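All remarks here apply to the structure that follows.
Only the coordinates and a few stated rules stand behind these numbers; no lab work does. Just so it is clear, the model here is predicted, and its values are computed rather than measured. As a convention, Cβ positions derive from the backbone with ideal geometry for all residues, glycine included, and neighbour counts pool all protein chains shown.
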Amino acid sequence: MRETARIADELIKLLQSEGFTIQRYDSMTTSSIYLKLDYGVCNSIRIGDHKGKRQYKYRYNVDIGRKQVNRHKTPEGWERWYYPETALRALVKDAVLERKRLIAKHGQEQYWVLMAQRKFDNQGNKGFWQNAKLVSQMDIGGASVDYQVNEKAKDALNRLSSLPGMHAIKEQVDEMVHYSRIAALRKNNNLKSSAQSNHMIFTGNPGTGKTTAARLIGEAFAEIGLLKRDSNNDIPFVEVHHSMITHPHVGEAEKRMVAKFEEARGGVLFIDEAYAFVGKSDARTSEKVVATMVQYIEDMRDQIVVIAAGYPKNMAEFLSLNPGLASRFPTIIHFPDYDISDLVAIAQQMLLEQEYLGTSEFYEALASVMWIEKSKANFGNARIVRNHIERSVRRQAMRVARLPQPSRKDLATLTGEDLVYSPQGVQNSEIEALHKIIREAQARLFALDLKGLIQRTL
Ligand SMILES: Nc1ncnc2c1ncn2[C@@H]1O[C@H](COP(=O)(O)OP(=O)(O)OP(=O)(O)O)[C@@H](O)[C@H]1O
Ligand SMILES: [Mg+2]
């Protein structure tokens, strides 16, 4: 095998693992090999064992026998970089950086559009393009790309990503949005694309942001076009609760459920405390209503996102109620309790929105208070933060009202004394909460030790 071909193979592997679309052209008269990245949106590579006149056209040049990397600029201002065959990783790193810079400049969406345009433009060209082989296709481009995320969808997605915590749902939504983009582009390119179910189950304690996330997802999905809509009216967000549906008449209860689905067409149907449909005295009604639910969830698949929320244990019961349910909710997302730093970040965000500023004493005190709140049963997460903030805002008003001439800064600032707490009380409860955690950790360690001991003796 030619030396250049061996190097090309090695380089292609490295570039593939970085997700580049690669085209390769092996010169017929010399041993040089040329690689184009992302249809030429990124710079190209020449692998050669001699100085050819063509090398001057390339940003990246692998020169067999060269000793060192040299990043050189021509008198005309062109960057020409040279790598020995032992420094392929440095080349790939540079190419990845270049792509990052382009994506930062144009945005990911536009970068894909550029790729698609280049691909299209090059199709009729002679020379390299006619003879090059596509070795690795990571592209999403096609002849016509009209897919764009509109401003409203971006806004909803940005609001979701700016919320502290909620990592699992952010990742999930990202995946769904990307899937839908690619599905649309595949369709443009006459490739098969299967519809995915967007229905989800949210589990988590009170105040972990389930309803907040569901609303934002509804907005984003509707704007992206994941949900088919008849009109441009507001995107419906319909909450259903067991109590709104129950009725002694089976027929009536079903009718109410159907009405909710109709109301939510083009948006989100949010079934809160979904497990409340399980095991009520009117079990037959529940079963019927759930059967209707299952049917509508399926029939309105592309017009509605159904999100069923509740506590983890209860949701498992809900899913076992009807064999069709579990398969219709392929995605289960758990919203964990917020940790202290998330809770403080949430407080900061809430205050900023209302144009208040907390002093560092305020946030320190809040963190201590949250420690104690977190150790209580039924901790209300972000909702508790909101309650504390509201109380503090009221107390601040009382305090500032006593000042003879409050300044703008006085009006905007929350200090430690605005938070309802007794420093002594906080300290004691905090110590108690810490002791509880330490006791639990010790018990857990002991259990693990014991397990290890048993395993070793068996
Ligand atoms: N990550 C977050 N950042 C900022 N605010 C949040 C966050 N999570 C929740 N909140 C706020 O906390 C409050 C409660 O949130 P939400 O109603 O979404 O919780 P939930 O999980 O639906 O609770 P429940 O189970 O009780 O219905 C809301 O006022 C919401 O704005
Ligand atoms: Mg809720």
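Please report Arg89, Arg402 as a ranked list, fewest other C-beta atoms within 10 angstrom at the top and most at the bottom.
Arg402, Arg89
The chain: longest stretch without exposed GluC sites (Glu not before Pro) (DSSP loop, at most 11 other Cβ within 10 Å), sites themselves excluded?
77-354
Let me have the 222 nm mean residue ellipticity of the chain computed from DSSP H runs of 4+ only, each contributing -39500 (n - 2.57), with the sum over all residues rounded to the nearest 500.
My calculation for the chain gives -17000 deg cm²/dmol from helical runs alone.
For the stretch 3-136, give the share of DSSP beta bridges that are antiparallel, in percent and rounded to the nearest 5; count only bridges with both residues there.
70 percent
Relative to the present Cα-Cα distance, how much length would full extension add between Ser320 and Leu434 at 0.36 nm per residue of separation?
So the extension gain works out to 37.2 nm.
When the Debye formula is applied to the Cα atoms of the chain, each taken as the same point scatterer, what base-10 log of I(q)/I(0) results at q = 0.11 Å⁻¹?
For the requested q values the scattering log ratios are -1.04.
Modelling each spin label as a point 7 Å along the Cα-to-Cβ direction, I'd like the Asp302/Val400 distance in nm, to one decimal.
5.3 nm
Pick out, from His106, Gln295, Ala443, the residue whose Cα sits farthest towards the positive end of the charge dipole of the chain, with +1 on the Cβ of Lys and Arg and -1 on the Cβ of Asp and Glu.
Toward the positive end, the furthest listed residue is His106.
Specify which residue in the list Asn378, Phe237, Ile47 is farthest towards the positive end of the charge dipole of the chain, using unit charges on the beta carbon of Lys, Arg (+1) and Asp, Glu (-1), about the Cα centre.
Positive-end residue among those listed: Ile47.
Between their Cα atoms, which of Lys105/Lys192; Lys13/Lys100; Lys126/Lys187; Lys154/Lys192; Lys288/Lys313; Lys154/Lys288 are more than 30 Å away from each other?
Where the Cα-Cα span goes over 30 Å, the pairs concerned are Lys105/Lys192; Lys154/Lys288.
Where does each of Trp112, Trp81 land when they are ranked from fewest to most other beta-carbon atoms within 10 angstrom?
Values: Trp112 23, Trp81 20.
Ranked by crowding around the Cβ, least crowded first: Trp81, Trp112.
Which Rg and Dmax, in Å, describe the Cα atoms of the stretch 151-335?
16.4, 54
What translational diffusion coefficient, to the nearest whole µm²/s, does the stretch 340-421 have by Stokes-Einstein, given a Kirkwood radius computed over alpha-carbon pairs, a temperature of 20 °C and 1.002 mPa s viscosity?
On the way: Rh = 12.9 Å.
In µm²/s, the coefficient is 166.
For Gln295 and His334 in the same chain, what is the full-extension length gain: residue separation times 0.36 nm, less their Cα-Cα distance, in nm?
11.5 nm
With the dipole of the stretch 151-335 worked out from charges on the C-beta (+1 for Lys and Arg, -1 for Asp and Glu) around the Cα centre, which of Ala276, Phe318, Ala222 lies farthest toward the positive end?
Ala222
Could you quote the convex hull projected area for the stretch 288-424, Cα atoms only and averaged over all directions, in nm²?
Value for the stretch 288-424: 12.0 nm².
Restricting to the chain, compute how many DSSP beta bridges are antiparallel as a %, nearest 5.
35 percent
What order do you get for Met176, Met257 when you list them from fewest to most C-beta neighbours inside 10 Å?
Met176, Met257
Once fully extended, how much extra length lies between Gln117 and Glu79, figured as 0.36 nm per residue of separation less the alpha-carbon to alpha-carbon distance?
Working it through step by step, the gained length comes to 11.2 nm.
Using the crude model of +1 on Lys and Arg Cβ and -1 on Asp and Glu Cβ, and no other charge, please compute the dipole size for the stretch 151-335 relative to its Cα centre, in debye to 20.
Its charge dipole is roughly 380 debye.
Please report the relative contact order for the stretch 340-421, taking Cα pairs under 8 Å with a sequence separation of at least 6, and give it as a percent rounded to a whole number.
It comes to 44 percent, rounded to a whole number.
Quick one: compute the contact order of the chain, relative version, from alpha carbon pairs under 8 angstrom and 6+ residues apart, as a percent.
Values: 650 pairs, mean separation 52.1, N = 458.
For the chain, the relative contact order is 11 percent.
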